[in-house]
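Okay, so here's the structure we're looking at.
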Amino acid sequence: MRIYSKYILPGLIDWACSQPSGMLQREKVIPLAQGRVLEVGIGSGMNLPYYRGQEVEHLTAIDPLEELWERRQVEVGSLNFQVDFIKGSAQKIPFDDESFDTVVSTSTLCSIKEVDEALKEMFRVLKPGGKLLFEEHGAAPDASLARHQNRLNPVWKRISGGCNLNRNIPALLEAAGFNTDGLAEGYNEGWRPTSYHYWGWAIKSVRSIKS
């Protein structure tokens with residue numbers, strides 16, 4: 001199992017995350033990042049080409065799989081903003097409250113084990129009015145497909161590094177205190193159980209902090 005998780009799984013994750021259906025949504029949301037940015041679950045750095053250097057002051061990247069980061073095809077020295085990588089967990093982000101203007105999470109919320117805790121951490125380190133930019137697959141509104149996702153999920157999680165087919169992304173974001181007015185959703189091409197996607201931005205509103 002260790003050989004699978006160290007040598008085979010990173011390649012499978014990299015392949016799955018690079019599918020055109022999800023990359024199209026990343027192209028829409030990543031250019032919105034600005035200021036001091038934290039990318040949670042950066043993987044092999046697929047989002048790096050989409051950041052607008054004139055808008056990003058500094059990018060901090062965090063991921064538990066350093067093997068994925070070592071697979072990146074973009075040389076960070078070629079970017080016109082500084083990038084620092086930290087091997088770590090989204091459930092315990094090692095930064096003070098209100099440290100970042102933007103948090104980015106793409107193809108990550110499906111696989112974090114304690115996703116509620118991770119989203120609370122993302123909320124905590126965002127400045128008031130800051131944005132969480134995201135692109136995720138999740139639970140489909142179609143009842144038949146949703147049942148299929150639920151049936152497949154236990155086996156799928158075991159072979160995919162903990163990825164879940166059926167997480168309700170909007171509900172998770174709202175439970176963490178985010179305003180989801182910037183959320184879009186819809187079916188994409190690809191394998192049907194992972195074809196329903198959510199993308200856009202969620203805001204750490206002042207009202208959420210006070211409540």
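The values are calculated or read from the model by the stated rules, or taken from the named source; none is laboratory data. Nothing here was measured: the structure is a model prediction, and the numbers come from that model. Cβ coordinates were reconstructed from backbone atoms using ideal geometry, including for glycine residues, and neighbour counts include every protein chain displayed.
Quick notes
- Checked against the criterion of being at pLDDT 95 or above, of a type outside the set (D, E, K, R) and in contact with a Pro (Cβ under 8 Å, 6 or more places away or on another chain), the candidates Ile93, Ile86 yield just one match: Ile86.
- Hits in the range 138-148 - residues which are surrounded by 15 or more Cβ atoms within 10 Å (Cβ to Cβ) and over 18 Å from Gly22 (Cα atoms): Leu145, Ala146, His148
- Some residue of the range 116-133 being in a loop (DSSP other than H, G, I, E, B) and modelled with pLDDT of 95 or more: no
- Within the range 151-207, considering residues that are in contact with a strand residue (DSSP E or B) (Cβ under 6 Å, 6 or more places away or on another chain) and among the aliphatic types (A, V, I, L, M), the one nearest to Pro141 (Cα to Cα): Ile169
- Reported count of residues in the range 154-191, each being surrounded by 13 or more Cβ atoms within 10 Å (Cβ to Cβ) and charged (D, E, K, R), is 4.
- Among residues of the range 155-211, those that are assigned to a helix (DSSP H, G or I) and either under 18 Å from Thr108 (Cα atoms) or in contact with a Pro (Cβ under 7 Å, 6 or more places away or on another chain) (or both), counted: 15
- Against the test of being over 14 Å from the mean Cα position of the chain (by Cα), within 16 Å of Met122 (Cα to Cα) and surrounded by 17 or more Cβ atoms within 10 Å (Cβ to Cβ), the options Asp96, Asp101 yield a single qualifying residue, Asp101.
- Filter result for the condition that a residue is crowded, with 16+ Cβ neighbours inside 10 Å and over 17 Å from Cys17 (Cα atoms), over Glu121, Glu135: Glu121
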